Ligand SMILES: C[S@@+](CC[C@H](N)C(=O)[O-])C[C@H]1O[C@@H](n2cnc3c(N)ncnc32)[C@H](O)[C@@H]1O
């Protein structure tokens, strides 16, 4: 069960650069109650006892959604594709409470939820070739030049993410920040383990739900860019 208050992040200079800041935001009573009640069923504690293969046997196709926020897209995708398990992760606890509440309301059985840094999850807990897909929708844009180092889609992260995909698995990103979209395209196209499914940006897939942050981008007249890449066969 995650703590409902962010922990002290410590001194930044002695830690790797992270793609998020700890936030202290209020959790609504319904989300707090959902966390308490539903975490034992759908929550995954990422600690030294977590064994990916025990929780997700190889027969269970798992898609990792990084930065699920309030989980509105997670719930819609899970409802549309009940045979795929979505492991939804975020570092923001109140959003996970909302997601668990909605999973329960809709009677979904194919969503698991973890509160953790996706970089740690991938590097320390997910075995190579274990994921059928990774979805990263509207990652924090870190728009100022001096913040770009915090962006998730950087070469080291993409190399790590690619290694965790099964051959033929998909890495799907979307953003409403043009400058980040260009960076994503450059970084993803430079990863030797990936092939772009399209010439450049992907047409928006109609199965991808509009997310909460996407809606904000659209109302600010931002253009939405999707990028869909496939993990190449490693033989
Ligand atoms: C801009 S929000 C987008 C949320 C949602 N995907 C949407 O489109 O509405 C980005 C989310 O990514 C989460 N995040 C950032 N870095 C992360 C990381 N390293 N691991 C897990 N979640 C992360 C943030 O907490 C935040 O909820």
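Inter-part distance, region 43-57 to region 81-115, computed on C-alpha centroids, equals 16 Å. Relative contact order of region 95-199: 28 percent, from C-alpha pairs under 8 Å at least 6 residues apart in sequence. Short-range pairs are left out: with C-alpha atoms under 8 Å and at least six residues apart, the relative contact order of the chain is 19 percent. Counted by neighbouring Cβ atoms within 10 Å, the residues 38, 218, 83 run from fewest to most as 83, 218, 38. Projection of the Cα convex hull of the chain, averaged over all directions and equal to a quarter of that hull's surface, yields 13.2 nm². Principal axis extents of the C-alpha atoms in region 127-180 (largest first, rounded to whole Å): 35, 19, 12. Fewest-first ordering of 116, 173 by other beta carbons within 10 Å of each residue's beta carbon gives 116, 173. Secondary-structure-derived ellipticity at 222 nm for the chain, considering helices only, amounts to -9000 deg cm²/dmol, per-run term -39500 (n - 2.57) for DSSP H runs with n ≥ 4. Run the paramagnetic zone check for residue 25: 7 angstrom along Cα to Cβ, then residues of region 133-160 with backbone nitrogen under 16 Å. Hits in region 133-160 for residue 25 at 16 Å: 137-142.
Applying the Kirkwood pairwise sum to the alpha-carbon positions of region 78-130 produces a hydrodynamic radius of 12.1 angstrom. The mean sequence distance of close C-alpha pairs (under 8 Å, at least 6 residues apart), as a share of the length of region 15-130, puts its relative contact order at 33 percent.
Read-outs throughout are calculated quantities, based only on the coordinates presented, and are distinct from any laboratory measurement. A quick note: this is a predicted structure, and the numbers were derived from the prediction, not measured. Here the Cβ is made from the backbone with ideal geometry for all residues, glycine too, and neighbour counts use every protein chain on show.
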